[in-house]
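Quick notes on the structure that follows.
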């Protein structure tokens, strides 16, 4: 089997997308490569500093002049949760390492007519806040009629290990949804959500739980967990 080598590519353009709804990362590349080499492909690298990939290839086994030809690499896809604040990946080739920005596609489920809508800019700004470590959980769909409320109960994080402080925040489109009431108990907080303006489009509401070790400077560490909810307006028919 031909040995895999870092691809000696030139004039490469990359496209990196992350779908918030499906938590799928997609990487694409096209450029120029010697015709004596096969089309390059992506390999995930073991690296603790974020997300790093190598663009590799294998020889065709042919002897001749390495005439350059155009290539389009097979799209690379993987299911991954982005750490909030991570805005780029690294791609290594035989010619060096490139930092490629991530295009974050914040999508809600398709509407009845098949159209896909983007999340609100206010929530995107909240989700994009940096954190040392974190996770974005799969969205939960809520079907809420007009005039009614939906209760979201959030456990209050308890101090453990290095996490000694915690807070709970929300991010949502205030023109469509509102927090009608909040109930705080010793172990949890309950948010009661209702519609402000009824919408045929799904609307997002995120609970953001942040924990902090209480230190500042180089020793400070923060963990942020984001739980998105997708609210759908429904009308229940009476039997």
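Would you be able to tell me the number of residues in the stretch 38-52 that are closer than 11 Å to residue 6 by Cα and not in a loop (DSSP other than H, G, I, E, B)?
3
Which of the residues spanning the stretch 171-197 are in contact with a helix residue (DSSP H, G or I) (Cβ under 9 Å, 6 or more places away or on another chain) and either modelled with pLDDT of 90 or more or buried (at least 18 other Cβ atoms within 10 Å of the Cβ) (or both)?
Residues satisfying the conditions are 171, 172, 173.
If only one of 74, 104, 56 is in a loop (DSSP other than H, G, I, E, B), touching a strand residue (DSSP E or B) at 6+ places or on another chain (Cβ under 9 Å) and at pLDDT 75 or above, which one is it?
Result of the check over 74, 104, 56: 74.
Can you tell me which condition residue 26 does not meet? The list is (1) at pLDDT below 90; (2) in a strand (DSSP E or B), and all the others hold.
If we test residue 26 against (1) at pLDDT below 90; (2) in a strand (DSSP E or B), just (1) comes out false.
Taking the condition closer than 30 Å to residue 141 by Cβ, surrounded by fewer than 16 Cβ atoms within 10 Å (Cβ to Cβ) and at pLDDT 90 or above, does residue 32 pass?
Criteria not met by residue 32.
Of everything in the stretch 173-209, what is farther than 18 Å from residue 233 by Cβ and in a loop (DSSP other than H, G, I, E, B)? Give them in sequence order.
Within the stretch 173-209, 185, 186, 187 qualify.
Can you tell me which of 125, 112, 131 is at pLDDT below 80, exposed (fewer than 13 other Cβ atoms within 10 Å of the Cβ) and under 18 Å from the mean Cα position of the chain (by Cα)?
Matching residue, one of 125, 112, 131: 125.
The values are calculated or read from the model by the stated rules, or taken from the named source; none is laboratory data. In this text, all values refer to a predicted model and were calculated from it rather than measured experimentally. Virtual Cβ from ideal backbone geometry, glycine too; neighbours counted across all protein chains shown.
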